[in-house]
Amino acid sequence: PMRDNVRAFVAAAAEVFPLSGPVFEFGSYVVPGQEHIGDLRGLFAGRKYVGCDMREGPGVDRVEDLGRLTIADDSLPTVVCVETLEHVFEVRRAVDEIIRVLAPGGIVMI
(Lines give C-alpha, C1' and ligand atoms only; values in the text may rest on other atoms or scores of the structure.)
Protein backbone atom coordinates (compact mmCIF):
# COMPACT_ATOMS: atom_id res chain seq x y z
CA PRO A 1 0.00 0.00 0.00
CA MET A 2 1.04 3.59 -0.65
CA ARG A 3 2.24 5.59 2.34
CA ASP A 4 0.99 9.15 2.98
CA ASN A 5 4.48 10.66 2.81
CA VAL A 6 5.17 9.03 -0.57
CA ARG A 7 1.94 10.40 -2.03
CA ALA A 8 2.80 13.82 -0.59
CA PHE A 9 6.22 13.66 -2.30
CA VAL A 10 4.63 12.87 -5.68
CA ALA A 11 2.02 15.62 -5.20
CA ALA A 12 4.72 18.20 -4.36
CA ALA A 13 6.88 17.15 -7.32
CA ALA A 14 3.89 17.31 -9.69
CA GLU A 15 3.26 20.91 -8.58
CA VAL A 16 6.86 22.16 -8.52
CA PHE A 17 8.57 20.52 -11.50
CA PRO A 18 7.70 21.28 -15.14
CA LEU A 19 6.55 17.76 -15.97
CA SER A 20 5.39 16.98 -19.47
CA GLY A 21 3.22 14.11 -20.53
CA PRO A 22 2.73 11.44 -21.05
CA VAL A 23 3.42 10.48 -17.46
CA PHE A 24 4.20 6.76 -17.15
CA GLU A 25 3.77 5.19 -13.73
CA PHE A 26 5.41 1.83 -13.12
CA GLY A 27 3.71 -0.03 -10.30
CA SER A 28 0.31 1.57 -10.87
CA TYR A 29 -1.85 -1.33 -9.64
CA VAL A 30 -4.20 0.18 -7.06
CA VAL A 31 -4.73 -2.17 -4.12
CA PRO A 32 -8.43 -2.46 -3.28
CA GLY A 33 -9.27 -0.18 -0.37
CA GLN A 34 -6.33 2.12 -1.22
CA GLU A 35 -7.99 4.06 -4.05
CA HIS A 36 -7.98 7.30 -2.05
CA ILE A 37 -4.20 7.23 -1.70
CA GLY A 38 -2.83 4.84 -4.32
CA ASP A 39 -4.33 6.39 -7.44
CA LEU A 40 -1.89 9.13 -8.49
CA ARG A 41 -3.61 10.14 -11.75
CA GLY A 42 -5.39 13.12 -10.25
CA LEU A 43 -2.04 14.66 -9.29
CA PHE A 44 -1.18 15.06 -12.99
CA ALA A 45 -4.30 16.81 -14.29
CA GLY A 46 -4.09 17.87 -17.91
CA ARG A 47 -1.36 15.37 -18.77
CA LYS A 48 -1.81 12.01 -20.45
CA TYR A 49 -1.20 9.32 -17.82
CA VAL A 50 -0.32 5.69 -18.46
CA GLY A 51 -0.41 3.28 -15.54
CA CYS A 52 1.82 0.22 -15.98
CA ASP A 53 2.12 -2.86 -13.82
CA MET A 54 3.08 -6.50 -14.18
CA ARG A 55 -0.58 -7.55 -13.92
CA GLU A 56 -3.93 -6.25 -15.07
CA GLY A 57 -6.20 -4.57 -12.58
CA PRO A 58 -7.37 -1.25 -11.19
CA GLY A 59 -5.11 1.61 -12.27
CA VAL A 60 -3.36 -0.44 -14.96
CA ASP A 61 -3.56 0.72 -18.57
CA ARG A 62 -0.65 -1.32 -19.84
CA VAL A 63 0.94 -4.56 -18.62
CA GLU A 64 4.75 -4.27 -18.55
CA ASP A 65 7.61 -6.19 -16.98
CA LEU A 66 9.79 -3.49 -15.42
CA GLY A 67 12.86 -5.57 -16.12
CA ARG A 68 12.04 -5.89 -19.84
CA LEU A 69 10.01 -2.89 -20.96
CA THR A 70 8.46 -2.88 -24.42
CA ILE A 71 8.92 0.90 -24.67
CA ALA A 72 11.28 2.68 -27.07
CA ASP A 73 14.58 4.16 -25.89
CA ASP A 74 14.59 7.83 -24.85
CA SER A 75 10.81 8.16 -25.22
CA LEU A 76 9.23 8.98 -21.83
CA PRO A 77 9.39 12.55 -20.53
CA THR A 78 8.08 11.72 -17.05
CA VAL A 79 8.35 8.46 -15.11
CA VAL A 80 6.88 7.72 -11.68
CA CYS A 81 8.02 4.59 -9.85
CA VAL A 82 7.19 4.73 -6.15
CA GLU A 83 6.47 1.91 -3.71
CA THR A 84 7.53 -0.50 -6.47
CA LEU A 85 11.24 -1.31 -6.65
CA GLU A 86 11.16 -3.15 -3.32
CA HIS A 87 8.91 -5.72 -5.05
CA VAL A 88 11.21 -6.24 -8.05
CA PHE A 89 13.59 -9.21 -8.02
CA GLU A 90 16.15 -7.67 -10.41
CA VAL A 91 16.22 -4.08 -9.19
CA ARG A 92 19.33 -3.10 -11.16
CA ARG A 93 17.76 -4.31 -14.39
CA ALA A 94 14.56 -2.38 -13.62
CA VAL A 95 16.48 0.84 -12.96
CA ASP A 96 18.51 0.32 -16.15
CA GLU A 97 15.22 -0.01 -18.06
CA ILE A 98 13.82 3.18 -16.53
CA ILE A 99 16.98 5.04 -17.54
CA ARG A 100 16.82 3.53 -21.04
CA VAL A 101 13.25 4.70 -21.72
CA LEU A 102 13.61 8.12 -20.06
CA ALA A 103 13.78 10.90 -22.65
CA PRO A 104 16.75 13.27 -22.61
CA GLY A 105 15.96 15.94 -20.03
CA GLY A 106 13.15 13.79 -18.63
CA ILE A 107 12.28 13.49 -14.97
CA VAL A 108 11.93 10.29 -12.98
CA MET A 109 10.39 10.13 -9.50
CA ILE A 110 11.56 7.18 -7.45
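The length gained by stretching the chain between residue 11 and residue 62 to full extension, at 0.36 nm per residue less their Cα-Cα distance, is 16.1 nm. Taking each DSSP H run with n ≥ 4 as -39500 (n - 2.57) and averaging over every residue of the chain yields -7500 deg cm²/dmol at 222 nm. Per residue, the accessible area of the chain comes to 56 Å² when a 1.4 Å probe rolls over the protein heavy atoms. Computed from label points 7 Å out along Cα-Cβ, the spacing between residue 47 and residue 93 is 2.9 nm. Computing percent of Cα pairs over 23 Å apart directly from the structure and comparing it against [x] 29; [y] 20; [z] 37 singles out [y].
Could you let me know the centre-to-centre spacing of the stretch 10-48 and the stretch 50-110, using Cα atoms, in angstrom? So the two Cα centres are separated by 13 Å. When only Cα pairs below 8 angstrom with a gap of at least 6 residues are kept, the chain shows a relative contact order of 27 percent. Counting only protein heavy atoms and using a 1.4 Å probe, what share of the accessible area of the chain belongs to carbon plus sulfur, as a whole percent? For the chain, the apolar C and S fraction of the accessible surface comes to 56 percent. Here the extension length gained between residue 4 and residue 70 equals 20.7 nm, from 0.36 nm per residue of separation less the Cα-Cα distance. Restricting the stretch 1-61 to GluC sites (Glu not before Pro) that sit in a DSSP loop and have at most 12 other Cβ atoms within 10 Å of their own Cβ leaves 56. Here the translational diffusion coefficient of the stretch 47-103 follows from Stokes-Einstein with Rh set to the Kirkwood radius across Cα pairs; for 20 °C and 1.002 mPa s it amounts to 182 µm²/s.
The values are calculated or read from the model by the stated rules, or taken from the named source; none is laboratory data. Predicted model, so just to flag it, every value in this text is computed and none were measured. All Cβ positions, glycine included, derive from the backbone under ideal geometry; neighbour counts span all protein chains shown. Surface areas here come from the heavy atoms of the whole protein model, side chains and all, with no ligands, DNA or RNA. Shrake-Rupley method; radii C 1.70, N 1.55, O 1.52, S 1.80 Å.
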